[in-house]
Amino acid sequence: MSESQKWTAVDRYIEERLIPKDEALEKALSANRDAGLPSIDVAANQGKLLHLLARMQGAKRILEIGTLGGYSTIWLGRALPADGKLVTLELDPHYAEVARRNFAHAGVDGLIEVKVGPALAQLSLMAEEGEAPFDLIFIDADKPNNPAYLGLALKLSRPGTVIIGDNVVRDGEILREDSADDRVQGIRSFFDMLAAEPGVDATAIQTVGVKGYDGFAIGIVS
Ligand code: SAH
Ligand code: DHB
Ligand code: MG
């Protein structure tokens, strides 16, 4: 068995034991496939991690940057109380439409607002309009904009807000200082910002599994 086959088998093992089959989440993935969306959603055990972190945080207001078909959004949305709210930002109107259908099917559409358009503009507008701070922010869109997303996320935070970033390891590519890949440079600047920003205390964890070798960053705003 190759290393990556082993990672996949262990993810399956974890999933079989700890993540009960869920019709709405499975339907979301198959609807995404049918609609031609790329399968770059978080893995099931990662989605459940996001869900558990949101519950541990007691989150009532969640912001997600990068919806795709809403797989991670459903996991996060299900952590909310009945009066909770999740705002998710997506550039592609077709993806957003697929996500909205998935939310309706999962019965979480009443809690979720999808804002369509470039996330930078949406975030700036929310900050300008004095949107109330979020309890948890998940950054998972175009990686070159990660530093800008972090800056705006901080404006939409309060002391205690949890900020999570996906895809912060990319097969270890983040080690390449001189990478020509602007996604890698975006993640590197994101790390530099986290390091320099006294207002957030952070770490990062490398992950392996069905989605390959990658990682999450997690921080708390002070
Ligand atoms: N969070 C999702 C995966 C998101 S994939 C999940 O785990 O299920 C990244 C998404 O970010 C894609 O849908 C892509 O269209 C979107 N995206 C890319 N650039 C963007 C931008 N400038 N503004 C908003 N969304 C963007
Ligand atoms: C990509 C984006 C993601 O959010 C992800 O989890 C994996 C891959 C990508 O753009 O390639
Ligand atoms: Mg991601």
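The values are calculated or read from the model by the stated rules, or taken from the named source; none is laboratory data. This is a predicted model, so every value here is computed, not measured. Glycine gets a Cβ as well: all are built from the backbone with ideal geometry, and neighbour counts include every protein chain shown. These area figures cover heavy atoms from the full protein model, side chains too; ligands, DNA and RNA do not enter into them. Shrake-Rupley method; radii C 1.70, N 1.55, O 1.52, S 1.80 Å.
For the reader, a short list of remarks on this structure follows.
- Within the chain, percent of DSSP bridges classed antiparallel, to nearest 5: 45 percent
- Phi-derived couplings, Karplus 6.51 cos²θ - 1.76 cosθ + 1.60 at θ = phi - 60°, listed residue by residue for region 123-128: 5, 4, 4, 4, 5, 4 Hz, with x used for Gly and Pro.
- Most mobile listed residue (Leu63, Leu52, Leu86) in the chain, GNM with C-alpha springs under 10 Å: Leu52
- Phi-based couplings in Hz for region 151-166 (Karplus 6.51, -1.76, 1.60; Gly and Pro marked x): x, 6, 4, 5, 5, 9, 10, 9, x, x, 4, 9, 10, 10, x, 9
- Approximate spin-label separation Met1-Leu29, in nm, with each point projected 7 Å along Cα-to-Cβ: 1.8 nm
- Quotient of Cα Rg and 2.2 N^0.38 Å for region 1-105, N being how many residues it contains: 1.11
- Ligands, DNA and RNA left out, the accessible area of region 144-208 computed with a 1.4 Å probe is 49% carbon and sulfur.
- P(r), alpha carbons of region 97-145 - 10 Å bins starting at zero, rounded %: 20, 45, 34, 2
- Max mean-square fluctuation residue, GNM over the chain, Cα-Cα springs under 10 Å, options Asp192, Asp83, Asp140: Asp83
- Candidates Gly69, Gly107, Gly186: whichever shows maximal mean-square fluctuation once the chain is modelled as a Gaussian network with Cα springs under 10 Å: Gly107
- Other-chain or far-sequence residues with amide H under 5 Å of Val200's (modelled H): Ser222
- Here the extension length gained between Arg176 and Asp192 equals 4.4 nm, from 0.36 nm per residue of separation less the Cα-Cα distance.
- Distance (nanometres) between label positions extended 7 Å along Cα→Cβ at Glu129 and Leu18: 3.8 nm
- As a size descriptor, the averaged projected area of the C-alpha convex hull of region 104-189 was calculated at 7.3 nm².
- Separation of alpha-carbon centers, region 155-171 and region 30-50, rounded to whole Å: 20 Å
- A cut-off of 5 Å between modelled amide H atoms, ignoring neighbours fewer than 5 places along the same chain, links Thr207 with Asp214, Gly215, Phe216.
- Using bins of 10 Å that start at zero, the share of Cα-Cα pairs per bin across region 1-58 amounts to 19, 43, 33, 5, 0, in whole %.
- Taking the 1.4 Å solvent-accessible surface of region 56-137 as the whole, the part contributed by carbon and sulfur is 54%.
- A simple rule links phi to the HN-Hα coupling: the Karplus curve 6.51 cos²θ - 1.76 cosθ + 1.60 with θ = phi - 60°, which for region 198-215 gives x, x, 9, 10, 9, 9, 9, 10, 7, 10, 10, x, 4, 9, x, 9, 7, x Hz, with x for Gly and Pro.
- Considering only Cα atoms, the convex hull volume of the chain works out to 125 Å³ per residue.
- Above-threshold pairs, the threshold being 30 Å between Cα atoms, out of Lys21/Lys155; Lys6/Lys60; Lys48/Lys143; Lys6/Lys115: Lys21/Lys155; Lys6/Lys60; Lys6/Lys115
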